[in-house]
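See below for the structure under consideration.
Since every read-out is calculated from the coordinates, none of them should be taken as a lab result. Please read all numbers here as calculations on a predicted model, not as lab measurements. We place every Cβ from the backbone using ideal geometry, glycine too, and count neighbours over all the protein chains shown.
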């Protein structure tokens, strides 16, 4: 019987990562917006911080503020040596199949924006069935996607692919003000944003299939 894996998850730290209390766990996941402007110095600071944590495994997905990871990917990825950076890619981490992707429907003039419909759907089509944990920066439609002004900005195509892929857990951030946990069938859908004065990171146990 597989042993459960303790995940510690966060998003939208925007350079304020050192202020967080990080409980013990097996896997530390950052679901994007590590920085304010995505400069090399900002990304290096976050990468150094993550490497210094005691969690055996660290998984990182970019967010819409993390410009260097889109504009100069080779330079930026080199800063994450020793960490698992996922961009439309899968890794097996502590026995869990994890897929990570940074995209969201076009949101202001930020990084990793794609038009709704065919463009962004092509990214979600890459997500394989059978994964345990899906990490994206942006939310699916209707779950953890409500802005301060009441607009919902989540991705309808991502929601449709959640029904297809059926991960055990979907982690994301992006919309600071709608942090929380939701249920979609057997999938735990979690906005793990730590911005806007959020009290803590998210801690959960997942058992590999």
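Quick rundown of the values:
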quantity	calculated
Estimated inter-spin distance, residue 177 and residue 148, nm [label 7 Å along Cα→Cβ]	0.6
Reference-scaled alpha-carbon Rg (2.2 N^0.38 Å with N residues) for segment 95-185	1.02
Mean separation of Cα contacts under 8 Å (6+ apart) over length of segment 12-165, as relative contact order %	19
Label point distance in nm, residue 2-residue 125, each placed 7 Å from Cα along Cα→Cβ	2.8
Most mobile of 115, 152, 97 in a GNM of the chain (Cα contacts under 10 Å)	115
Residues residue 52 and residue 156, FRET efficiency given R0 of 41 Å [Cβ-Cβ distance, rounded to 0.05]	0.55
Computed Kirkwood radius, in angstrom, where 1/r is averaged over Cα pairs of segment 5-206	16.4
Quarter of the Cα convex hull surface for segment 18-112, i.e. its orientation-mean projected area (nm²)	6.2
